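Here is the structure we will look at.
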Amino acid sequence: MDREAKDQYLLVIQAKDMVGQNGGLSGTTSVTVTLTDVNDNPPRFPRRSYQYNVPESLPVASVVARLKAVDADVGPNAEMEYKIVDGDGLGVFKVLVDKETQEGIIMIQKELDYEAKASYTLRIEAANKQVDPRFLSLGPFSDMTTVKIIVEDVDEPPVFTSRLYSMVVSEAAKVGTIIGTVAAHDPDASNSPVR
């Protein structure tokens, strides 16, 4: 039987006296048989790859994306764990599980900087939390997908080369005398001139 195909059966049972001979009486009753779930289905991502665009100004702990692998089982047999298993964003992103929806939530754990790195590629695995050893022969109870995260450039203000400047000038200095220099640069990829 396969609960995912049909989870309930209605049976009509008949009992006859006199071993079914003429003149015998019979009665019927209905029995509902409900199948309980076993973990015999692995989670599967609907797509092999996903792509998301995020601005570099997105704060740490922000949600970048929500992924959901589909599992035909129900209840505890459909509970999943998500993890980043490979990619170039291992320390920049993390994946948590929404216990209500069983979605994997990709979050930022370090500031993004378009000028330093404009995209990341992650391999994410969804796996059943509880695996029934009777069904291990059906294959791995996990699935993988690739997530590409494109970091979008955000116009940033000029940055001074020093946080604090100190200059000393004589009170006898004439108007128009240069007393020092400060410098700033545009951190954006366009590196616009600063004046």
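Can you return the lysines within cross-link range of Lys99? Criterion is Cα-Cα under 26 Å, with same-chain partners fewer than 8 residues away left out.
Straight-line reach from Lys99, under 26 Å: Lys68, Lys83, Lys110, Lys129, Lys148.
Can you work out the Karplus-derived ³J(HN,Hα) for every residue in the stretch 128-133? Use 6.51 cos²θ - 1.76 cosθ + 1.60 with θ = phi - 60°, whole Hz, and x for glycine or proline.
Per residue, the Karplus-derived 3J(HN,Hα) values read 5, 5, 10, 10, 8, x Hz.
Near Lys117, which aspartates and glutamates are there with a Cα under 19 Å away, not counting those fewer than 8 places off in the same chain?
By straight Cα distance, Lys117 reaches Glu56, Asp86, Asp88, Glu152, Asp153, Asp155, Glu156, Asp186, Asp188.
How large, in percent, is the carbon and sulfur part of the accessible surface of the chain at a probe radius of 1.4 Å?
Of the solvent-accessible surface of the chain, carbon and sulfur hold 53 percent.
Using only the Cα atoms, work out Rg/Rh for the chain, with Rh taken as the Kirkwood radius, to two decimals.
Ratio value, two decimals: 1.43.
With unit charges on the beta carbon (Lys/Arg positive, Asp/Glu negative), name the residue among Ala116, Leu67, Val12 whose Cα is farthest towards the positive pole of the charge dipole of the chain.
Comparing the listed Cα positions along the dipole, Val12 ranks first.
So if I restrict to the alpha-carbon atoms in the stretch 22-64, what is the Rg, and what is Dmax, the biggest pairwise distance, in Å?
28.1, 87
Given an 8 Å cut-off on Cα distances and at least 6 residues of separation, report the relative contact order of the stretch 78-195 as a percent.
Contact order relative to length: 22 percent.
About its Cα centre, what dipole magnitude does the stretch 1-50 give when the only charges are +1 on Lys and Arg Cβ and -1 on Asp and Glu Cβ, stated in debye to the nearest 20?
The calculated dipole for the stretch 1-50 is roughly 300 debye.
Per residue, how large is the accessible surface of the chain? Use a 1.4 angstrom probe and give square angstrom.
That works out to 67 Å² for each residue.
Tell me the GluC sites (Glu not before Pro) within the stretch 113-192 that lie in a loop according to DSSP and have at most 16 other beta-carbon atoms within 10 Å.
Qualifying residues, ordered by number: Glu115, Glu171.
Hey, if you put +1 on the Cβ of every Lys and Arg and -1 on every Asp and Glu Cβ in the chain, which of Pro46, Ala172, Ser26 ends up farthest toward the positive end of that dipole?
Ser26
Give me the dipole magnitude in Debye, nearest 20, for the stretch 12-161 about the Cα centre, with unit charges on the beta carbon: positive for Lys and Arg, negative for Asp and Glu.
Roughly 640 debye for the stretch 12-161.
Could you pull the Cα extents of the stretch 56-109 along its three principal axes, largest to smallest, in whole Å?
Cα extents, longest axis first: 38, 21, 13 Å.
The values are calculated or read from the model by the stated rules, or taken from the named source; none is laboratory data. The structure presented is a predicted model; accordingly, all values stated were derived computationally and were not measured. Cβ coordinates were reconstructed from backbone atoms using ideal geometry, including for glycine residues, and neighbour counts include every protein chain displayed. The area values use the complete protein model at the heavy-atom level, side chains included, leaving out ligands, DNA and RNA. Shrake-Rupley method; radii C 1.70, N 1.55, O 1.52, S 1.80 Å.
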